[in-house]
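The values are calculated or read from the model by the stated rules, or taken from the named source; none is laboratory data. Please read all numbers here as calculations on a predicted model, not as lab measurements. With ideal geometry, Cβ positions are generated from the backbone for all residues, glycine too; neighbour counts draw on all protein chains shown. Quick note on the areas: whole protein, heavy atoms, side chains included, nothing else; ligands and nucleic acids left out. Shrake-Rupley method; radii C 1.70, N 1.55, O 1.52, S 1.80 Å.
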Amino acid sequence: MKLYEFAANPSSRRVGIFLKELGVELATVQLDVRAGENLNEEYLAKSITGKVPMLELDDGTCISETIAICRYIAEKKGDLTLFGKTPVEAGLVEMWQRIVELDGLYAGFQAFRNLSGVYSDRERCVKAWGVESKLRVQEFLPKLDKQLSSHQFIAGDKLSVADITGFLFVGIVCLKALEIDALSDYPNITRWFEQVSQRPAFQ
Ligand SMILES: N[C@@H](CCC(=O)N[C@@H](CS)C(=O)NCC(=O)O)C(=O)O
């Protein structure tokens with residue numbers, strides 16, 4: 001089994017943190033996506049999206065999409081803790097994971113990609129979409145802060161995959177890529193961010 005990744009990028013880091021939390025180690029293949037190593041024919045024949053991360057199983061099956069990879073690993077290990085164990089936990093984790101991913105992380109990706117033009121060699125960049133996406137990120141932060149005002153973690157009182165998504169959203173996309181101060185005005189996000197940052201898997 002091989003994990004194709006670009007270790008510095010947020011989606012690969014999400015899988016990396018998930019694996020560390022579960023205590024799973026995988027062989028990795030580094031692809032420099034900035035240099036376009038994910039765009040060659042060999043990789044595109046395996047990956048429907050052409051993006052990293054992607055997990056290639058020993059029988060040649062290829063699984064793209066961060067959460068699909070995490071789900072496969074968790075099912076294989078028989079440890080669904082980070083996806084929620086009871087029906088209500090699983091429902092809430094799924095809900096928050098999707099909310100943070102769609103309204104936070106992916107809006108942030110769109111903002112960064114369209115404003116910076118980092119991948120203009122392979123996609124149309126629309127500045128207005130970048131501006132709008134950045135506004136959506138800024139509008140999402142108070143919602144996340146409200147949820148964290150009454151819960152220790154994003155999906156409730158246990159760490160879940162939603163926290164891994166949220167950590168990359170706040171730490172890499174807001175603070176670094178978009179220079180949005182997601183901490184000063186949001187005490188609950190700050191409390192949670194400091195708390196999860198202490199975990200060895202998140203460092
Ligand atoms: N929905 C995908 C997104 C993956 C993604 O955006 N990967 C980026 C790196 S963070 C990538 O491969 N970028 C290179 C490209 O777009 O060509 C997932 O969650 O795995």
Whole-number percent relative contact order across the chain, with pairs defined as alpha carbons under 8 Å at least 6 apart: 20 percent
Residues with amide H under 5 Å from that of Lys85, placed H, sequence gap 5 or more: Ala90
Accessible area of the chain divided out per residue, in Å², using a probe of 1.4 angstrom: 51 Å²
Two-site label geometry, Ala7 and Leu39: point separation in nm, points 7 Å out along Cα→Cβ: 2.5 nm
Separation between Cα centres of the stretch 38-58 and the stretch 93-143, rounded to whole Å: 23 Å
Antiparallel content of DSSP bridges confined to the stretch 2-79, in %, to 5: 60 percent
Solvent-accessible area, 1.4 Å probe, carbon plus sulfur percent, for the chain: 53 percent
DSSP bridge orientation in the chain - percent antiparallel, rounded to nearest 5: 65 percent
The stretch 58-153 - Rg over Rh from alpha carbon coordinates, Kirkwood radius: 1.08
Loop-exposed trypsin sites (Lys or Arg not before Pro) per DSSP, neighbour cap 14 Cβ within 10 angstrom, longest uninterrupted part of the chain: 1-84
Listed pairs Lys20/Lys76; Lys20/Lys134; Lys46/Lys176; Lys76/Lys134; Lys51/Lys134 exceeding 27 Å between Cα atoms: Lys20/Lys134; Lys46/Lys176; Lys76/Lys134
GluC sites (Glu not before Pro), loop per DSSP, at most 13 other Cβ atoms within 10 Å - longest free stretch of the chain: 26-122
